[in-house]
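The values are calculated or read from the model by the stated rules, or taken from the named source; none is laboratory data. Small disclaimer: the values here were computed from a predicted structure and weren't measured. Counting neighbours? That spans all protein chains shown, and the Cβs are built from the backbone with ideal geometry, glycine included.
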């Protein structure tokens, strides 16, 4: 059974787009979601992973942008070279929708690599 999720949050970094060995696009980004209410409540961070057209849409966003994401949750576990165990909660995105920009009015969108 797959856990479905819909989340609304702010990107913590510019998305990184890559190509698979088969030439298909995929992208990753971090997203902060405010789960608990209150000014002192820390956000929950998720790693977004998107493929194909959804990856291309995600890559058009920038750090600070508000996005709405729907997809499935996936917990990734691995061990680094030092033997330390790690876990990362990921959202495998089926949709990514712009909510609104964090840039002030009249501000220009920064192109990737600038």
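Per the listing 106, 71, 83, the residue uniquely assigned to a loop (DSSP other than H, G, I, E, B) and modelled with pLDDT of 90 or more is 83. Any residue in segment 1-9 that is in contact with a helix residue (DSSP H, G or I) (Cβ under 7 Å, 6 or more places away or on another chain), part of a strand (DSSP E or B) and either in contact (Cβ under 8 Å) with a residue 40 or more places away in the chain or more than 15 Å from residue 74 (Cβ to Cβ) (or both)? No, segment 1-9 contains no residue that is in contact with a helix residue (DSSP H, G or I) (Cβ under 7 Å, 6 or more places away or on another chain), part of a strand (DSSP E or B) and either in contact (Cβ under 8 Å) with a residue 40 or more places away in the chain or more than 15 Å from residue 74 (Cβ to Cβ) (or both).
Results for (1) out of contact with any helix residue (DSSP H, G or I) (no Cβ under 8 Å at 6 or more places or on another chain); (2) over 18 Å from residue 99 (Cα atoms), shown as yes or no for each residue.
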site: 12; (1), (2): yes, no
site: 15; (1), (2): no, no
site: 37; (1), (2): yes, yes
site: 65; (1), (2): yes, no
site: 86; (1), (2): yes, yes
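Condition check: modelled with pLDDT of 90 or more and at negative phi. Does residue 6 satisfy that? Criteria met by residue 6. Checking each residue in segment 14-54 for being within 10 Å of the chain's Cα centre (by Cα), more than 11 Å from residue 69 (Cβ to Cβ) and either modelled with pLDDT under 95 or part of a strand (DSSP E or B) (or both) picks out 16, 27, 28, 30, 32, 45, 47.
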